[in-house]
Amino acid sequence: MPAPQPVASGNGRASRAAEPAHHGASTLRHDILVALRRSGATSPEHLANALGASRTGVLQQLRSLQTAGLVDRRTVRHGVGRPRHFYDVTPDAQVAFPSNYDGLAAGLLAAIGVVGGDELVAQVFDARRRLIAEQVKERLAERLPADAPLAAKVDELAVIQDEQGYLSSVFIGADGAFRLRQCNCAIFGIAALSSSPCEAELAMFSEVLGADVVRESHIASGDRNCTFRIAGQRET
């Protein structure tokens, strides 16, 4: 599920009023999540006052966030009178807040290099390649017959890579060979620092397809996409 994204705005309601309605709702949802993260369980009235929004608008967004599983509601009773409702973020709401996984990965990569140099970095990515290759082989075995042609394997590999965020597709080049094109590098922050992940990816493609794979373009080298030429299946 896509996470609510921060929207650049001015200070308060005036800037939101000039935006399209759906844009303003997205901004209000984000503001509500941030306020709940900072303050903890809060009533709709307090949120409306803090955000300069209407109680009705806040309640509408809270219900939407609750349906999405990003906030939950608890009821508090204080003697006689109507109970009060308080809302708070759920663990699933973490997807809506900033993260620094690229920074963590880059830091780990640097630390591995300090401990064991480029050789250890290459060994780590080779171990990762073997793990991913086994997962991909299991997926291919589940989806395809044992004697599946190369075309079917390439298509399924493209689906797998697309699911991982690589914006993958398959086409046949002028030379009649398959091409796997990836229009996004899902690990660009790491690929820009070391050639090991890209080398491991290339080796993994060749292993799981049982074919000769050559990289023809490379995002980390400045190309628009990563394209791989996949030749006929190797003899076994």
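The values are calculated or read from the model by the stated rules, or taken from the named source; none is laboratory data. Here the structure is a predicted model, which is why all the values come from computation and not from measurement. Here Cβ is always computed from backbone atoms with ideal geometry, including for glycine, and neighbour counts include all displayed protein chains. Accessible surface is based on the protein model in full, side chains and every heavy atom, while ligands, DNA and RNA are left aside. Shrake-Rupley method; radii C 1.70, N 1.55, O 1.52, S 1.80 Å.
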Notebook entry, point to check: In whole Å, what are the Cα extents of region 135-231 along the three principal axes, biggest one first?
Noted result: 38, 31, 20
Item checked: Bins of 10 Å, starting at 0 and running to the largest distance - Cα pair percent for region 95-163 -> 17, 30, 27, 22, 4
Item checked: Where the chain is the region considered: accessible area per residue in Å², 1.4 Å probe -> 59 Å²
Notebook entry, point to check: In the chain, with Lys and Arg counted as +1 and Asp and Glu as -1 at Cβ, which of these residues, 107, 41, 186, has the Cα nearest the positive end of the dipole, that is, farthest along it?
Noted result: 41
Notebook entry, point to check: When only the heavy atoms of the protein chains count and the probe is 1.4 Å, how do 199, 142, 156 rank by accessible area, highest first?
Noted result: 142, 199, 156
Next item on the list: Return the carbon/sulfur percentage of the accessible area of region 17-136, one whole number, probe 1.4 Å, all protein chains in place.
Entry: 54 percent
Checklist line | Candidates 57, 113, 165: whichever shows maximal mean-square fluctuation once the chain is modelled as a Gaussian network with Cα springs under 10 Å | finding: 57
Item checked: Counting all C-alpha pairs of region 47-132, share separated by more than 14 Å (%) -> 77 percent
Check: So for the chain, Kirkwood radius off the Cα pairs, Stokes-Einstein at 25 °C and 0.890 mPa s: how many µm² s⁻¹?
Finding: 113 µm²/s
